[in-house]
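Just so it is clear, none of the values below were taken in a lab; they were calculated from the coordinates. Since the model is a prediction, treat every value here as computed from it, not as a measurement. For neighbour counting, all protein chains shown are included, and Cβ atoms are generated from backbone atoms with ideal geometry for every residue, glycine included.
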Amino acid sequence: MNLTLKIWRQKNANDKGKMVDYQISDVSPDMSFLEMLDVLNEQLINKGDDPVAFDHDCREGICGMCSLYINGEAHGPDRGVTTCQLHMRMFNDGDTIYIEPFRASAFPVVKDLIVDRSAFDRIQHAGGFISVNTSGNTIDANAIPVEKHNADKAFEAATCIGCGACVATCKNSSAMLFVGAKVSQFALLPQGQVEATDRVLNMVKQMDEEGFGNCTNTGACEVECPKGISLENIARMNQEYLKASLKG
Amino acid sequence: MSGILNSSIGRKFAMALSAFFLMFFLLQHFVINLLSVISPETFNEVSYFMGNNPFVQFLLQPVLLIGVLFHFIMGFVLEIKNRKARQISYAKNNGGANSSWMSRNMIWSGGAILLFMIFHFNDFWVPEIVEKYVEGKSQLGKDFHHHVVEMFLDPLRVGVYVLAFVFLALHLLHGFDSAFQSVGANNKYTKGLKTFGKLYAILVPLGFVFIALYHHFFHIH
C-alpha cells in the first residue's frame, strides 16, 4: 500500500504546530498502525529528520497509552480497539490519512502527537480509590458478598483504561465517560460505599477544574471507547452526584 | 448542595429539569391548539381561561418565561464553555461516524427555535399583553379562534411556522432522551423511553404543522 500521511508536527508545548505531508510506500496491510509509524520514523531518521513523537507502551490494547485522532476518529476507524490494535487493512492503497493528537484544552500537546493526560491522574487522586487498611488484617474481598449483576457492571466500568478517547471524540471535550466509569466501579461495590459521597463530589470538582467540557449526551464517547464503556456509567455518576449533593 | 449549579453535572441537571417543564408545556399548548380545529367554541373558552385566570397568568406564566429564558441562556453559556474546552479544532473530524447530527447541533436548532419564539411572541403574546394590561380591555367574549385563522392566512407566516417546527422536531429528537440521561435515568426502561421520545419529537411538531396548515387552507370562521 502507498499512502499519503498528513501528520500534526509540533516541536514543543509552546510551538504553534502544523500539519505536514509525508509519503510512505510498501505498507503491509498486516502492519498495525503504530508499526506503520515506526517504518515512517525509520525513514525520517535515515534522512536525518526528526521522527514523529507518539505515545505507546504495551501495544496489546490494554495500557491506554497510544492515542491519535486518525481520519477524524479517536483510535481510527475500527471499533473497540486502541490505535496499536488498528491494522492497516482498514485503509486502502492510495488513501490520505490525517493523524492528529487528541485535542482538548485539558490535554495540552507536549510534542507532535503526544498529549499530557495527567488531568486524568489528578481526577483519580481526587477520589478514584477506596481507603483500605493493608496492615495485615484486611478482610478478603471475596468474603464480602456482591450481587452478581452489580459485580458484572462494576467490572465493566473497571475495564476503562483511561486512554482519553472519550474526551478526544466528544465535541465538548467532556471527560464524563471516564469519570463516570471510575465513579461507577466503586459505587456498585460494598467497598465503595463508605467514601461514596466525597468520591463523586471531589472527582467531579477536579474534572471541572481541569477545564473539560460539559456532556451533551451525544453518545460519541461510547461509540469510540476502545473498551465499550457504556453511557449508563454517566447516568449512574449523575445519580451519585445528585445524591451526594443533597447529602453534603 | 450550594455549589450544585456551579458544577457541570448540576448544570446538566438544571437544563434537563427546564427541558421537562418545557416539553410538558409544549404538550398542553398542542392540546389547546388542537381545540381550534376540533371545536372553535371550546378553544375560545380555554383561551379566555388561560389568558385571564390569575393562577395561570401570575404564577404559571412567569414560571414558564423563567423556564424558557433559563433554558436558552444556560444553553448558550454551556456552548461557550464547551468551545473553550477545545481551543484548537481537528483538521479532520468525522462526527457523523459516532453521533447523530441532531445531537451535535442542538445549539443551532435551539437558536432557530429562539428566533421563531421572538416571531411567535410578537404574533400572539405581545398583542394579548398590550390589550389586557396596557389598554385595559376586557377579553370577555373575544373570538380568539378568529384571530388564529386570520394569522394563518399569510402563506409566509405558515412557512416560517412549518420550518420552525422542523427545527423543534430535530431539537426534541435528541433532547427528549438526553434530558432523561442527564437526570440519571438509564436503565431497563430506557429503550421504551427512547421510542416514546422519538414519537413525541415527531408527532407533536407534526401536529402543530397540521394545525397551521389546516387554518391556512380551510380558514373556517
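Any chance you could give the angle, 0 to 90 degrees and rounded to 10, that helix A:232-247 forms with the longest Cα principal axis of chain A?
That helix lies at roughly 40 degrees to the long axis.
So which GluC sites (Glu not before Pro) in the stretch A:37-90 are both in a DSSP loop and have at most 12 other Cβ atoms within 10 Å of their Cβ? Walk me through the numbers on the way to the answer.
Working: sites: A:42, A:60, A:73; in loops: A:60.
The qualifying sites are A:60.
Counting only pairs 8 or more residues apart or on different chains, how many lysine pairs in the stretch B:1-143 have their Cα atoms under 30 Å apart?
Working: B:12/B:81; B:12/B:84; B:12/B:92; B:81/B:92; B:84/B:92; B:132/B:142.
Lysine pairs meeting the criterion: 6.
Determine ³J(HN,Hα), in whole Hz, for all residues of the stretch A:117-134 in sequence, where each value follows from phi through the Karplus function 6.51 cos²θ - 1.76 cosθ + 1.60 and θ = phi - 60°; x replaces Gly and Pro.
9, 5, 4, 5, 4, 5, 5, 4, 4, 6, x, x, 7, 10, 8, 10, 6, 9
For residue B:146 and residue B:210, what is the calculated FRET efficiency with R₀ set at 25 Å and r taken between the beta-carbons, to the nearest 0.05? Before the final figure, lay out each step's value.
Values: r = 20 Å, r/R0 = 0.79.
Result of the calculation: an efficiency of 0.80.
Which peptide among B:209-215, B:126-132 comes first, and what is the full order, when sorted by highest mean count of other Cβ atoms within 10 Å? Write out the running numbers ahead of the final one.
Values: B:209-215: 18.1, B:126-132: 13.7.
Top to bottom by mean Cβ count within 10 Å: B:209-215, B:126-132.
Let me check against my output: what whole-number percent is the relative contact order of the stretch B:103-208, with C-alpha pairs under 8 Å and at least 6 apart? Please list the in-between numbers first.
Numbers: 52 pairs, mean separation 36.2, N = 106.
It comes to 34 percent, rounded to a whole number.
Looking at the stretch B:86-191, which chymotrypsin sites (Phe, Trp or Tyr not before Pro) are in a loop (DSSP not H, G, I, E or B) and have at most 13 other Cβ atoms within 10 Å?
Hits after loop and neighbour filter: B:189.
What is the helix-to-structure angle for B:106-120, meaning the angle in degrees between its Cα long axis and the longest Cα principal axis of chain B, kept from 0 to 90 and rounded to the nearest 10?
20 degrees
How many angstrom lie between the Cα centre of the stretch A:154-195 and the Cα centre of the stretch B:148-173?
Cα centroid to Cα centroid, the span is 43 Å.
I'd like the Karplus ³J(HN,Hα) series for the stretch A:5-20: coefficients 6.51, -1.76, 1.60, θ = phi - 60°, whole numbers in Hz, and an x wherever there's a Gly or Pro.
Coupling constants for the stretch A:5-20: 10, 10, 10, 6, 10, 8, 4, 7, 4, 8, 5, 6, x, 7, 7, 10 Hz.
Per-residue mean of other chain beta-carbon atoms within 10 angstrom of the beta-carbon, peptide B:100-106? Display every interim value, and only then the final one.
On the way: counts 3, 0, 1, 6, 5, 2, 3.
Other-chain Cβ atoms within 10 Å of each residue's Cβ, averaged: 3.
Would you please give the residues with an amide H less than 5 Å from that of residue A:73, counting only those at least 5 places away or on a separate chain, with H modeled from the backbone geometry?
B:94
Could you give me D for the stretch A:117-247, from Stokes-Einstein at 10 °C and 1.306 mPa s, where the hydrodynamic radius is the Kirkwood radius over C-alpha pairs? Units µm² s⁻¹, please. Don't skip to the answer; put the middle values down first.
On the way: Rh = 15.0 Å.
It comes out at roughly 106 µm²/s.
In peptide A:167-174, what is the residue-averaged number of other protein chain Cβ atoms found within 10 Å of each Cβ?
Details: counts 2, 2, 7, 5, 11, 10, 6, 4.
Partner-chain Cβ atoms within 10 Å, mean over residues of A:167-174: 6.
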